[in-house]
Amino acid sequence: MKARILWIEGKRANSPSFVSELRKKDYQVEIVPTGSAALERLIDFDPDLAVINAPSMRTTGKRICHDLRQKIADFPIVLIIDADQPSPGESCANVVLKLPFTARKLLNRIVPLLPGNEERMLHVGHIRLEIDRKKVRCMGREARLTPRLTRLLQILMQHPGEVIERGQLFREVWNTEYTGDTRTLDVHISWLREALEENPRQPSGGLGTAWTFNLSLLVQISFDQLLEGLKRLGAHQRLVVNDKTRRTLNTKLLGEAGLPADQAGILA
């Protein structure tokens with residue numbers, strides 16, 4: 001999937017916006033008319049880069065740059081300014097382009113700011129993992145991961161919505177058949193939560209659903225899927241859910257599977 005570009009441009013643009021040229025290159029470009037609109041779309045659209053056409057909004061663009069960086073540190077920004085406008089410097093934007101310029105020049109300056117080899121990037125839901133750079137982004141949050149956490153998240157993202165056996169994770173991440181030390185995996189899952197979730201101790205989830213180890217991917221499974229997964233995994237495996245869901249599971253499991261949640265491997 002090509003990178004996402006948030007294009008901030010007012011109605012007073014007197015120069016080509018270059019959006020059509022970017023879209024021809026298969027970039028996903030979303031246009032917003034103001035800095036405040038850009039902030040509103042920053043999380044849901046989750047762009048890789050923002051382009052600010054300051055002259056089209058009769059502004060220097062500095063405030064918009066500052067507000068975007070307040071939301072996401074080190075967020076890549078390209079700032080377009082008039083030819084006679086003083087350059088605000090790199091502290092405001094990664095790249096400053098003075099009008100006029102060509103679409104080729106814009107592309108040449110944008111490409112180095114975008115994620116690397118697309119074949120080495122995974123994208124599931126709001127989560128994007130750059131495997132080689134060991135960087136992950138999720139809903140405006142960005143974090144660098146250790147090689148092991150990168151590998152763990154990579155496996156989870158390659159199996160969205162699936163219940164994954166602990167043994168499989170130990171084999172593929174730690175290269176071992178030993179699964180006796182369950183704390184190792186639990187700690188690494190908690191580190192992924194800290195990197196990806198706004199409130200790791202209060203994972204999202206609702207009545208009628210439970211989270212698998214794909215919790216960090218914000219993927220829900222139904223009770224029927226959960227029960228089927230438990231039958232396949234056996235009681236020695238474990239799933240992680242929040243307290244509210246666990247109480248509901250106790251009732252559901254006792255009624256349909258004949259065993260309480262703790263015996264079924266459901267942990268809060």
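For the range 8-46, a tally of residues being part of a loop (DSSP other than H, G, I, E, B), in contact with a strand residue (DSSP E or B) (Cβ under 7 Å, 6 or more places away or on another chain) and closer than 23 Å to Arg137 by Cα returns 2. Under 9 Å between Cβ atoms, at least 6 apart or on separate chains: pull out the pairs that start in the range 70-97 with a residue that is under 16 Å from Ser56 (Cα atoms) and surrounded by 10 or more Cβ atoms within 10 Å (Cβ to Cβ) and end on any residue that is modelled with pLDDT of 85 or more and aromatic (Phe, Trp, Tyr). The qualifying pairs are Ile80/Phe101. Against the condition among the charged types (D, E, K, R), on the phi > 0 side of the Ramachandran plot and touching a residue at least 12 places away in the same chain (Cβ under 8 Å), how does Asp67 come out, does it pass? So Asp67 does not fit the description; no.
Considering the range 160-215, and only residues there that are in a helix (DSSP H, G or I) and modelled with pLDDT under 75, the residue that is surrounded by the fewest Cβ atoms within 10 Å (Cβ to Cβ) turns out to be Thr182.
Residue-wise test of (1) exposed (fewer than 14 other Cβ atoms within 10 Å of the Cβ); (2) not assigned by TED's automatic domain parsing to the domain that holds Ala50.
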{"position": "Pro100", "(1), (2)": "yes, no"}
{"position": "Leu107", "(1), (2)": "no, no"}
{"position": "Leu122", "(1), (2)": "no, yes"}
{"position": "Arg128", "(1), (2)": "no, yes"}
{"position": "Ile131", "(1), (2)": "no, yes"}
{"position": "Cys138", "(1), (2)": "no, yes"}
{"position": "Arg141", "(1), (2)": "no, yes"}
{"position": "Leu145", "(1), (2)": "no, yes"}
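Among the residues making up the range 47-78, those that are of a type outside the set (Lys, Arg), outside any strand (DSSP E or B) and under 18 Å from Val136 (Cβ atoms) are Pro47, Asp48, Ile72, Ala73, Asp74, Phe75, Pro76.
The values are calculated or read from the model by the stated rules, or taken from the named source; none is laboratory data. Quantities reported herein were computed from a predicted structural model and do not represent experimental measurements. No Cβ is skipped: glycine too gets one built from the backbone with ideal geometry, and neighbour counts run over all protein chains shown.
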